[in-house]
Each structure stands twice: as C-alpha cells, then as structure tokens.
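Colleague: Pasting a structure below so you can have a look.
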Amino acid sequence: ENEEAISFSQYPRPADAPQVNSDLPDLKDIKIMGYSLRSWDYRYTLWLGFNPKTFQVNVSDVHAGELYMLADDPGQDNNIYSDIDHRVMMKKMAGLP
Amino acid sequence: KERRNVLFIMADDLRTSLGCYGDSVVKSPNIDQLASKSQVFLNAYVQQAVCAPSRTSMLTSRRPDTTRLYDFNSYWRVHSGNYTTLPQYFKSKGYFTTSVGKVFHPGIASNHSDDYPYSWSIPAYHPASFRFEKEKMCKGEDGKLYANLLCAVNVTEQPGGTLPDMESTDEAVRLLKKLANDSVPFFMAVGFHKPHIPFRIPQEYLSLYPIDQMTLAPDPDVPKLLPPVAYNPWMDVRKRDDVQKLNISFPYGPIPKDFQVRIRQHYYAAVSYMDTQVGRLLSTLDDLGLADNTIVVFTSDHGWSLGEHGEWAKYSNFDVSTRVPLIFYVPGVTTFHDWMGKSTFPFIDILAQSKYSFHNAKVRKNVVELVDVFPTVSCMAGLRAPKSCSDVSFQEELCTEGDNLAYTFQHRERG
C-alpha cells in the first residue's frame, strides 16, 4: 500500500516512421516495442528494439523516448525526454513486470 | 457467505468520457447512476491499447509479454500458455458463465469460439445484426448507401429493425430472467460494440449534442516533439467512405475542422446510446431482485483519441488511449440495501429526461491496471484471488500479474 502506484502499458510498431501497418502490425513485422510507465505525476515511455521471433526486447537499442510531466502537461503534448537525466527512470524501467 | 453473481459489462473503445469521470459534455446518466453506488477507479489503465491484446490480458490477468499476443493472430492457449481466464475460474467454482456480445476478441484470438467451452457454460451469443456493421449501411445525401464513419441511422430501416447492442441487451435481459430463479450463481459478461467505429447508431442520439455546441480537442495538432514512432496514422478511420472523400494526407492529416467536430459529436452520441443499453440491463437486474446479490463491473478494452495529438484511434501509449473507466458495484460494500424499497437502478431515458444529477459514492485516485480486475472481482465475489505469478509464468495455469484491489474497498486512500 505504501509503494508508488504505477501502471505499465506497451505498444508495438513495425518501423520508426508511421506507415500503413503502424497501427496494428502483425507479430512478424514488429521491430519496436514502446514500454510506458505511468504514475500520478508522469508518463515515461521508451521505444526499444524488439525481436518477434524470440520475444526479446533489446534495452540498449533505444529508438526514442517520451516523458510528460502531468501537473503542467495533462494532455501529454510537451515531450521533455531530451531534457532530463535518465538514470533514475532507467532504474524504474528495470523493475518492469 | 452467500456467493454473489457477477454482471461484467465491457464497452468497446470507451475512454473516460463519462459524467462520473468529470466529462461535462457527455450524457451518460445510467453509468453515472451505477457509479453513484459503486467504487470508481479514476485512474485505471489497460496494458495495450488495442482490442485483442487488451481483452486477452485483462481476462487472463497476464500482461502482453506473457500472453505474447500483440496483434489479432494467435490463441494464447497454444501460443504462450494454457492460462485460466476470469470466467473459466468462476466456472470451475460452480458458476454458470455466459458471454453476450463482444467479450473476448472474436476470431483466432479466442480460437473462433470465444474460448468456449473453457470459459463459458454455453456457447457465446453474438448479435446477428453485427454482420452488417462494416457494410454499406449509411444513407448519404444522394440517397445511396455508403460504408461511412459517421453513420447515424433510422433503426427501423436497418436489417431486422435493430442494431447489435440492442440485440445483445435483449439477449442479456432474456438470460437474466432465466437465471434469476436458479440456485446456481452466475457470471454474465456483456460486451457492447459501441462507441467503436463506425458510429452506426440510432440517429436520435445526435440531437443530444447540437453541432454548434461541439468543440475541437484542446490539443488537435501532432506535438512537435513527439517521436514519429509514437504516432499512429489511424488507418481504420481513413478507410471509411466519407473520410476517403476528404482526401486527407498520409500520415499526419489533418482532418478538416468541421469534420473533426462531427466525429466528436458522433462519438459522444455513441456513448449515450451505449449508456442506454447499460441502463436497460441494470434496470432489469434490479427488477428481478438481483441488485442485492450481484456484483457489477463496468469497464472498457481501451480508450480512443478524439483528435488529441492529431490522432483518431487507439493504437498508442497516450493516456486518452490507455485510460479506461473501471467501476465496481458491490452490494453491501459500496452501497447498502434501501429498505424503503426504492429501486437501485431505475432506467433513465436520456432522450426523454435531460436533467439528472449523481455523485460518485467512492473514488480511488491511485493508478490501477486492468490486470487487477481478475483477482479483485474474484475476491469480492467470495472466491480466493489467484496467487501472484512468478517472474516467468508460462507454465502456470492460474496466477495473476495484477494486484488484488479488495483492500481499497475498505481502507482510505493514502499517498
């Protein structure tokens, strides 16, 4: 009960740029998985390389990132991923279920 | 000590555009009435914002990396593990379990059988009129029929004079009447198809949302610093006949503003139409004397972007796509029997009664997830919640990757 309440979601993509199957790629076409961690205060998302044959994610293959601070930006329109020190967030992501 | 029935209601593509979630535009009196006697989780999130992966995840209480279902093309029992589902668990405990409408995602994802007979005591019911859903059913200005996105119809002119969610409600009502006097407890799941596109809905619901009072999303443009990989090009919307005529550029659009407003009007109208079906269902539950011993869960498979970030779909990690309503009505816990004999869920016809007012009984603000639903509803019904899964659980048939939220019904929220 005293732990920080966090939820996880994920979304697959076939490529870095939008294409016709970006909405719903077949398993064999998935190259990138976007893992999101969200709490009351923020949403942090890493788009990581993904192998659809082994179902393995490559945490060192970071395609993009997103960070939204919800108090100032409830609509998640101002991505400040490039502005922060990522070590703390990476630690949290390491605890992904 | 007495085992409780469960009525599990799922909407399709319903974001938190409900009065009980603070939306001041939408008219959702029947769901708001349910919320006024329930515990409302204000920050509930799905695990992947698309139908089959989300539904399979919620119903097995396993995350997509454990179901290994990220698209629509595999059945978890043969693809990843023989995981026990929520209805299967109730069935194994002696419940009569039944599915009406879209509960599991149909097709390969549920073995072309909605996971019958594992999950259900009888084959799942699907409304016959759903086969027309993606056909040319919408009358254009030229009088011809089109497969439009915006498809408000005269129901009497539709095949069978009905629509899928109306049919599903009729069937659920029929089943409730049959089950009301049985000594065996039931778990009934009812999955509505709306507000999923196309917005093939009774035309009278549009009148609840005059077009001159509709607004654009507060942030209708694609954010400048959004990585391209995070954006989805909402292909299903683009494929509809009326949207194709707009000649929208790929992938970023935008949709003309006057059409954006009409999409929002139709989405809200679809929510009110679905709310009416929920009202019919709940008032039947009440009329049959089942409201005092039936848990009601209301949720959705994921949300939908109504133009926020230049998107018109789920398929993303944005909160408008991942945040969903999650409402638990537990008689004797979230509300108490009215000994004066007042109805618990009187039907509210929004087309005839425009004014109403409800306040949520209990809200939880902390973040929760749909993988939490399985252990929570099991526990609240008086069954033992499944144990937590190991880090690697492909061989474990019954376990949960979520949290049992039962304690939240009794304790004040902290933190």
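Colleague: Would you please list the contacts, defined by Cβ atoms under 6 Å and residues six or more apart or on different chains, that run from a residue in the stretch A:3-28 that is at the interface with chain B (Cβ under 7 Å from one of its Cβ atoms) to a residue that is β-branched (V, I, T)?
Modeller: Close Cβ pairs (under 6 Å, with a partner that is β-branched (V, I, T)) amount to A:A5/B:V367; A:S7/B:V367; A:S9/B:T322; A:P12/A:I30; A:R13/A:I32; A:R13/B:V229; A:D16/B:V229.
Colleague: On the given criteria, is A:N58 more than 10 Å from every other protein chain (Cβ to nearest Cβ) and modelled with pLDDT of 95 or more? Give the steps one after another, and end with the answer.
Modeller: Working: more than 10 Å from every other protein chain (Cβ to nearest Cβ): yes; modelled with pLDDT of 95 or more: yes.
Here the answer is yes, as A:N58 does meet what is asked.
Colleague: In the stretch B:98-117, which residues are buried (at least 24 other Cβ atoms within 10 Å of the Cβ) and outside any loop (DSSP other than H, G, I, E, B)?
Modeller: B:T98, B:S99, B:V100, B:G101, B:A109, B:S110
Colleague: Sticking with this one: Which one of B:N148, B:N181 is among the polar types (S, T, N, Q) and in contact with a strand residue (DSSP E or B) (Cβ under 9 Å, 6 or more places away or on another chain)? Even if it seems obvious, please write down each step before you answer.
Modeller: Values: B:N181 fails: in contact with a strand residue (DSSP E or B) (Cβ under 9 Å, 6 or more places away or on another chain).
When all the criteria are applied, what remains is B:N148.
Colleague: Next question. Just name the residue that is nearest to B:F41 (Cα to Cα) out of those in the stretch B:334-361 that are of a type in the set (A, V, I, L, M, F, W, C) and under 23 Å from the mean Cα position of the chain (by Cα). Reasoning before the result, please.
Modeller: Of the residues in the stretch B:334-361, the ones of a type in the set (A, V, I, L, M, F, W, C) are B:336, B:339-340, B:345, B:347-348, B:350-352, B:358, B:361.
Checking which are under 23 Å from the mean Cα position of the chain (by Cα) leaves us with B:345, B:347-348, B:350-351, B:358, B:361.
On the way: B:F345: 20, B:F347: 23, B:I348: 23, B:I350: 24, B:L351: 28, B:F358: 16, B:A361: 11 Å.
Among them, the one singled out is B:A361.
Colleague: Of everything in the stretch A:32-55, what is among the aliphatic types (A, V, I, L, M) and either more than 11 Å from every other protein chain (Cβ to nearest Cβ) or over 19 Å from B:P228 (Cβ atoms) (or both)? Give them in sequence order.
Modeller: Passing the criteria: only A:L37.
Colleague: If a residue counts only when it is of a type in the set (S, T, N, Q), which helices (runs of 4 or more DSSP H) contained entirely in the stretch B:229-315 have at least 1 such residues?
Modeller: Working: elements: B:235-238, B:241-244, B:257-287.
Hits in the stretch B:229-315: B:241-244, B:257-287.
Yes or no, residue by residue, for (1) surrounded by 24 or more Cβ atoms within 10 Å (Cβ to Cβ); (2) in contact (Cβ under 8 Å) with a residue 24 or more places away in the chain; (3) small (G, A, S):
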{"site": "B:R323", "(1), (2), (3)": "yes, yes, no"}
{"site": "B:Y329", "(1), (2), (3)": "yes, yes, no"}
{"site": "B:D338", "(1), (2), (3)": "no, no, no"}
{"site": "B:S343", "(1), (2), (3)": "no, yes, yes"}
{"site": "B:Q353", "(1), (2), (3)": "no, yes, no"}
{"site": "B:F358", "(1), (2), (3)": "no, yes, no"}
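Colleague: Is it the case that the stretch B:247-259 has a residue that's buried (at least 21 other Cβ atoms within 10 Å of the Cβ) and within 14 Å of chain A (Cβ to nearest Cβ)?
Modeller: So far as the stretch B:247-259 goes, yes, one or more of its residues are buried (at least 21 other Cβ atoms within 10 Å of the Cβ) and within 14 Å of chain A (Cβ to nearest Cβ).
Colleague: Please count how many residues of the stretch B:313-343 are within 11 Å of another protein chain (Cβ to nearest Cβ) and farther than 19 Å from B:D32 by Cα.
Modeller: Number satisfying all stated conditions: 10.
Colleague: Can you name the residue in the stretch B:297-317 that is in contact with a strand residue (DSSP E or B) (Cβ under 8 Å, 6 or more places away or on another chain) and hydrophobic (A, V, I, L, M, F, W, C) and, of all such residues, is surrounded by the fewest Cβ atoms within 10 Å (Cβ to Cβ)? Steps first, please.
Modeller: Pass one, the stretch B:297-317, residues in contact with a strand residue (DSSP E or B) (Cβ under 8 Å, 6 or more places away or on another chain): B:297-303, B:315-317.
Those still in the list that are hydrophobic (A, V, I, L, M, F, W, C) too: B:297-298.
On the way: B:V297: 21, B:F298: 26.
Taking the candidates together, the pick is B:V297.
Colleague: Any idea which of (1) closer than 20 Å to B:T16 by Cβ; (2) surrounded by fewer than 19 Cβ atoms within 10 Å (Cβ to Cβ); (3) of a type in the set (A, V, I, L, M, F, W, C); (4) away from chain A (no Cβ under 14 Å) is the one B:L288 doesn't satisfy?
Modeller: The one condition B:L288 does not meet is (1).
Colleague: For the structure I just gave you, tell me whether B:R280 is touching a residue at least 60 places away in the same chain (Cβ under 8 Å), among the charged types (D, E, K, R), over 23 Å from B:K136 (Cα atoms) and within 10 Å of another protein chain (Cβ to nearest Cβ).
Modeller: Numbers: touching a residue at least 60 places away in the same chain (Cβ under 8 Å): yes; among the charged types (D, E, K, R): yes; over 23 Å from B:K136 (Cα atoms): yes; within 10 Å of another protein chain (Cβ to nearest Cβ): no.
For B:R280, the condition - touching a residue at least 60 places away in the same chain (Cβ under 8 Å), among the charged types (D, E, K, R), over 23 Å from B:K136 (Cα atoms) and within 10 Å of another protein chain (Cβ to nearest Cβ) - is not met.
Colleague: Oh, and also: Would you tally the residues in the stretch B:1-41 being outside any strand (DSSP E or B), of a type outside the set (K, R), more than 19 Å from B:K355 (Cα to Cα) and over 15 Å from the mean Cα position of the chain (by Cα)? First the steps, then the outcome.
Modeller: Step one: list which residues in the stretch B:1-41 are outside any strand (DSSP E or B), which gives B:1-4, B:12-38.
Subset that is of a type outside the set (K, R): B:2, B:12-14, B:16-26, B:28-36, B:38.
If we keep only those that are more than 19 Å from B:K355 (Cα to Cα) as well, we get B:2, B:12-14, B:16, B:38.
Within this subset, residues satisfying the condition of being over 15 Å from the mean Cα position of the chain (by Cα) are B:2, B:38.
Adding up the residues that qualify gives 2.
The values are calculated or read from the model by the stated rules, or taken from the named source; none is laboratory data. Predicted model only: the values in this text are computed from it and were never measured. Methodologically, a virtual Cβ is constructed for each residue, glycine included, from the backbone with ideal geometry; neighbour enumeration extends over all protein chains shown.
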